[in-house]
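Written below as structure tokens is the structure these notes are about.
The values are calculated or read from the model by the stated rules, or taken from the named source; none is laboratory data. This one's a predicted model, so the numbers in the text were calculated from it and none came from an experiment. Here the Cβ is made from the backbone with ideal geometry for all residues, glycine too, and neighbour counts use every protein chain on show.
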Amino acid sequence: MLRTPILAILGLTGMLLMPSTSAQVREYPSEHGTLQVSQVVAGLEHPWSMAFLPDQQGLLVTERPGRLRLVTLQGALSEPISGVPAVYARSQGGLLDVVLSPEFAQDRLVYLSYAEAGDGEYAGTAVGRARLSLDNRQLQGFQVIFRQLPKLSSGAHFGSRLVFDRDGHLFVALGENNQRSTAQDLDKLQGKVVRLHPDGKVPRDNPFVGQAGVRPEIWSYGHRNQQGAALNPWTGQLWTHEHGPRGGDEINIPQAGKNYGWPLATHGVNYSFLPIPEAQGKAVAGTEPPHYVWEKSPAISGMAFYDGERLAAWRGNLFIGALVGQALIRLELRGDQVVHEERLLEPLDARIRDVRQGSDGYLYVLTDASNGQLLRLALQPQE
């Protein structure tokens, strides 16, 4: 193969140069102009998440089978970065979210969430961190800082998304491992949002600290399968979203110690069209209603607030990927209230797993497929 010598000559050893896609711009209508979509890179195996490095160095992308790669904004794809932990790559499990430390410029710490096998047949979500080498080729000294216990998943509903708040706390949005009742069990970490210090220690002001029989990591509970989370850049509040069953996908703004209902309260039914056995209705006393709900599930994944200038018409909007819906959902906000929804990229004919605002001010999405793509979104305003 001639790839290595060519890359060495170009000074990009370890990076696979992809052909330019500048001529492959697809256009889609939107309410604010023409949405222009270009492929940055393809050939990703079920990519799940991305995190942008500073100074236009590109972005880290996770692939669910267990690989972490660096992609440049020009479309060069690295070989797998070494030092990634072994993952439980079955069904919905594998390597999931990636975020950078708030102090990445000084500590170069990268945080990963992933499905981790247990001693028996079950698995659970784990979170760890490691230092990214200066050449961006290795994760050094990987350390697990959190484990979802007990391990109850046979391949479903791991969550998970990672978000740092303004004070440096790490929130982990978890799934209930398809074990519905556990979302209400405060001695278990299924169906919870947990709040940690960056090293995995529990903050003293978490809502259940010191209560017997309750996991002190818990921030909120009663969640189903959370695959979107982001910090509102204007309020500093954590927003999450979760898959409903058949119907009832929802957005929440999780508050300390609150119960978000699953499976007691839901807008959905079972996949068999039968009622959820534990459900008592759409609204149940003692539980928080969804902040926003879809009665018909688009199967949401990924979440990003847009606060850039490049797509000025969309500043202040919230973007969410849709898997079954195969679209990018744009939500207009007035304060915290959702006042309008638009479906973008139809017909893309691809499942959107993640959406992020890039370091260059464009929007980027990942498509969930065996030949997944990283796409860049620009907006040509209406004249």
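Every residue, every condition in (1) over 16 Å from the mean Cα position of the chain (by Cα); (2) more than 26 Å from G358 (Cβ to Cβ), yes or no:
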position	(1), (2)
A229	no, no
W234	yes, no
H241	no, no
L274	yes, yes
A285	yes, yes
E295	yes, yes
M303	no, no
L311	yes, no
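Would you mind finding the one in G228, G222, G200 that is within 10 Å of A173 (Cα to Cα) and either among the hydroxyl-bearing types (S, T, Y) or touching a strand residue (DSSP E or B) at 6+ places or on another chain (Cβ under 6 Å) (or both)?
Numbers: G222 fails: within 10 Å of A173 (Cα to Cα); G200 fails: within 10 Å of A173 (Cα to Cα).
Criteria check complete, one pass: G228.
For the range 216-230, enumerate the residues that are surrounded by fewer than 24 Cβ atoms within 10 Å (Cβ to Cβ) and free of Cβ contacts under 8 Å to residues at least 40 places away in the same chain.
P216
Quick grid of which residues meet (1) in contact with a Lys or Arg (Cβ under 7 Å, 6 or more places away or on another chain); (2) among the hydroxyl-bearing types (S, T, Y); (3) modelled with pLDDT of 95 or more:
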| site | (1), (2), (3) |
| --- | --- |
| Q184 | no, no, yes |
| L189 | yes, no, yes |
| S220 | yes, yes, yes |
| E250 | no, no, yes |
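Give me a count of the residues in the range 97-155 that are at positive phi and either of a type in the set (A, V, I, L, M) or over 18 Å from the mean Cα position of the chain (by Cα) (or both). If you could, list the steps in order and put the result at the bottom.
Taking the range 97-155 and keeping what is at positive phi, we get 108, 136, 141, 155.
Within this subset, residues satisfying the condition of being either of a type in the set (A, V, I, L, M) or over 18 Å from the mean Cα position of the chain (by Cα) (or both) are 108, 136, 141.
Qualifying residue count, the range 97-155: 3.
Just one of the numbered conditions (1) surrounded by fewer than 16 Cβ atoms within 10 Å (Cβ to Cβ); (2) assigned to a strand (DSSP E or B) is not true of D187; which one?
Of everything listed in (1) surrounded by fewer than 16 Cβ atoms within 10 Å (Cβ to Cβ); (2) assigned to a strand (DSSP E or B), D187 misses just condition (2).
Within the range 180-197, can you find the residues that are at negative phi and touching a strand residue (DSSP E or B) at 6+ places or on another chain (Cβ under 8 Å)?
Correct list: A183, Q184, L186, L189, Q190, K192, V193, V194, R195, L196, H197.
Would you please name the residue that is surrounded by the fewest Cβ atoms within 10 Å (Cβ to Cβ), looking only at residues in the range 287-321 that are farther than 26 Å from G361 by Cβ and of a type in the set (V, I, T)?
Of everything passing the filter in the range 287-321, T287 is surrounded by the fewest Cβ atoms within 10 Å (Cβ to Cβ).
Only one of P233, P254, P263, P207 is buried (at least 19 other Cβ atoms within 10 Å of the Cβ), in a loop (DSSP other than H, G, I, E, B), touching a residue at least 12 places away in the same chain (Cβ under 8 Å) and touching a strand residue (DSSP E or B) at 6+ places or on another chain (Cβ under 8 Å); which? Can you show your working first?
Working: P233 fails: buried (at least 19 other Cβ atoms within 10 Å of the Cβ); P263 fails: touching a strand residue (DSSP E or B) at 6+ places or on another chain (Cβ under 8 Å); P207 fails: buried (at least 19 other Cβ atoms within 10 Å of the Cβ).
The match here is P254.
With the requirement that a residue be assigned to a loop (DSSP other than H, G, I, E, B) and within 16 Å of R353 (Cα to Cα), what does the range 35-65 give you? Don't jump to the end; show me each part of the working.
So in the range 35-65, the residues assigned to a loop (DSSP other than H, G, I, E, B) come out as 45-46, 53-58, 64-65.
Passing the criteria: E45, H46, R64, P65.
Condition check: crowded, with 19+ Cβ neighbours inside 10 Å, more than 29 Å from K151 (Cα to Cα) and touching a residue at least 24 places away in the same chain (Cβ under 8 Å). Does L60 satisfy that? Walk me through it before giving the result.
Values: crowded, with 19+ Cβ neighbours inside 10 Å: yes; more than 29 Å from K151 (Cα to Cα): no; touching a residue at least 24 places away in the same chain (Cβ under 8 Å): yes.
Spelling it out, it is not the case that L60 is crowded, with 19+ Cβ neighbours inside 10 Å, more than 29 Å from K151 (Cα to Cα) and touching a residue at least 24 places away in the same chain (Cβ under 8 Å).
Only residues that are surrounded by fewer than 21 Cβ atoms within 10 Å (Cβ to Cβ) and in a strand (DSSP E or B): list them for the range 367-383, please.
Correct list: Q373, R376, A378, L379, Q380, P381.
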